[in-house]
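Only the coordinates and a few stated rules stand behind these numbers; no lab work does. Everything quoted here is computed from the prediction, not taken from an experiment. All Cβ positions, glycine included, derive from the backbone under ideal geometry; neighbour counts span all protein chains shown.
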Amino acid sequence: MRNRLLVFLCLTALPSMVRAEDRDYCPDRPGISTPACTLGPGEWSVEVGVGDWTLNRDASQRQDVILLGDTLLRRGIAEHAELQVEWSALGLARTRDRASGGVDHVTSVGDVTLALRRNLISPDGSGFSVALMPFVSLPVGREPVGAGDWAAGLQVPLSYELTDAVSLVTTTDFEAAVDEDGHGRHFAFDEAVGAALKLDDSLAATAEYQLTADRDPQHRHVEHLAGLSLGWQPADDLQLDVGANAGLDRDAPDMEVYFGVSRRF
């Protein structure tokens, strides 16, 4: 009787095991948009931004921010759901005042973000796929590496495969974002849209555009950003990536360049 029960449990688990093994690796990196796909049950993904440099200039100052070891840990908890923890291990910020020539240096860790991604259609990301992803950020770091207070929001990622090689991606984001002075929150909204092109079986390129409407009480503004990224998967469970974003108006960051690595276990 015990042996029969064991065989029955193994046969019951077999379909989900096969689905998890057959599911293509779908890292969050690179790019602006968030993918709608989720990891298979029991799978882990570690995704590390090895280096990330952002330049932001205006009439009064120039600011360079470098992030090292920006790490996202994902865990598949069901066929359609995963948990996420993200943390920037080290941030270096250099701000130079144009008028006085003075330079301010800040070294800090980043904030911690906790999220749950619940896929509603096609958890492997094939065909038409959509998900809901509530998240909360905890103020572990300090400005300008961290936000200075807690924040929370909801992302709605969506993707649609036009052909085997071309996909459309969008991510809608509603957020209670931290005020610019680091105290209190305000409503912020952004929409990212893009197109992903498979150049071959292991290499994909993504071009994106993002609009952000930020209702900060001290500085209400709208930002426009464009991005281009490449992801190369030399193995089924490994991806290397590189990307760059460029601000399209004076309120957006001028430039961001990054590269990283992702590994599924």
- Message: Over region 2-264, what is the relative contact order in percent, taking alpha-carbon pairs closer than 8 angstrom and at least six residues apart?
- Response: 17
- Note on the structure: Expected vector for region 108-116, Karplus 3J(HN,Hα) from phi with 6.51, -1.76, 1.60 and θ = phi - 60°, integer Hz, x for Gly and Pro, equals 7, 7, x, 6, 9, 10, 10, 8, 10
- Using 0.36 nm per residue, how much length does the chain from residue 24 to residue 199 gain when fully extended, once their Cα-Cα distance is taken away? 61.4 nm
- Kirkwood-based shape ratio for the chain, expressed as Rg/Rh from alpha carbons: 1.02
- Task: In debye, nearest 20, what is the charge dipole magnitude of the chain about its Cα centre with +1 on Lys and Arg Cβ and -1 on Asp and Glu Cβ, if you could check?
- Result: 720
- By the scheme Lys and Arg +1, Asp and Glu -1, what is the net charge of all other residues having a beta-carbon under 13 Å from that of residue 170? -4
- Note on the structure: Between the modelled labels at residue 236 and residue 261 (7 Å from Cα along Cα→Cβ) the distance in nm is 2.1
- Label-point separation, residue 130 to residue 112 (7 Å along Cα→Cβ), nm: 3.3
- Label residue 220 and residue 44 with points 7 Å out from Cα along Cα→Cβ: what is the distance between them in nm? 4.7
- Message: Given the DSSP H assignment, sum -39500 (n - 2.57) over each helix run of at least 4 residues in the chain and divide by its residue total; what's the result at 222 nm in deg cm²/dmol, nearest 500?
- Response: -2500 deg cm²/dmol
- May I ask you to compute the full-extension gain from residue 154 to residue 209, defined as 0.36 nm times their residue separation minus their alpha-carbon distance, rounded to one decimal in nm? 17.9 nm
- How far, in degrees from 0 to 90, does helix 2-22 lean away from the longest principal axis of the Cα atoms of the chain, to the nearest 10? 40
- Among DSSP beta bridges whose residues both lie in region 165-211, state the antiparallel percentage, nearest 5. 100
